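Take a look at the structure below.
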Amino acid sequence: MAAAIENLIPLAKIFEGLLWGREWVGGDHFTFADIACGHILHRYFCLDWDRPDLPLLRDYYEKLQQRPAYLQNAMVPFDDLKGSYRPL
């Protein structure tokens, strides 16, 4: 798990940079790209680990949470998955 987290941090920083100066991933309008990224961000922010402070990413996640469809379809519990991780 530690290796996966170590690999995730640079990707989160790239995503943070992508959001600079943009309202949404693709620019000024919400698109399918936001849907694709949004469900991953829910996992990113809900897992219990020491993540870097990335304010643009955090603000983007908070903005996604203002969308009722995101709350209903992307922010689903995954407690059953947390205990089932097994190294290959």
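Of the residues that make up segment 21-32, is at least one polar (S, T, N, Q) and touching a helix residue (DSSP H, G or I) at 6+ places or on another chain (Cβ under 7 Å)? Walk me through how you get there before you give the answer.
Of the residues in segment 21-32, the ones polar (S, T, N, Q) are 31.
Those left that are additionally touching a helix residue (DSSP H, G or I) at 6+ places or on another chain (Cβ under 7 Å): none.
Looking for residues that are polar (S, T, N, Q) and touching a helix residue (DSSP H, G or I) at 6+ places or on another chain (Cβ under 7 Å), one finds none in segment 21-32, hence no.
Of all positions in segment 53-76, at least one carries a residue that is within 11 Å of Ala12 (Cβ to Cβ) and loosely packed, with under 10 Cβ neighbours inside 10 Å. Pairs linking a residue in segment 38-58 that is touching a residue at least 60 places away in the same chain (Cβ under 8 Å) and more than 13 Å from Met75 (Cβ to Cβ) to a residue that is of a type outside the set (S, T, N, Q) and exposed (fewer than 12 other Cβ atoms within 10 Å of the Cβ), with Cβ atoms under 7 Å and 6 or more positions apart or on different chains, do not occur. Within segment 39-69, being modelled with pLDDT under 90, assigned to a helix (DSSP H, G or I) and over 10 Å from the mean Cα position of the chain (by Cα) holds for one residue alone: Ala69.
Filtering segment 70-80 down to residues that are of a type outside the set (A, V, I, L, M) and farther than 16 Å from Phe32 by Cα, which residue is farthest from the chain's Cα centre (by Cα)? So, considering only residues that are of a type outside the set (A, V, I, L, M) and farther than 16 Å from Phe32 by Cα, the one farthest from the chain's Cα centre (by Cα) is Asp80. Counting only residues that are of a type outside the set (Lys, Arg) and touching a residue at least 40 places away in the same chain (Cβ under 8 Å), segment 1-22 holds 7 of them.
The values are calculated or read from the model by the stated rules, or taken from the named source; none is laboratory data. As the structure is a computational prediction, the values presented were derived from the model and not from experiment. Cβ: placed from backbone, ideal geometry, glycine included. Neighbour counts: every protein chain shown.
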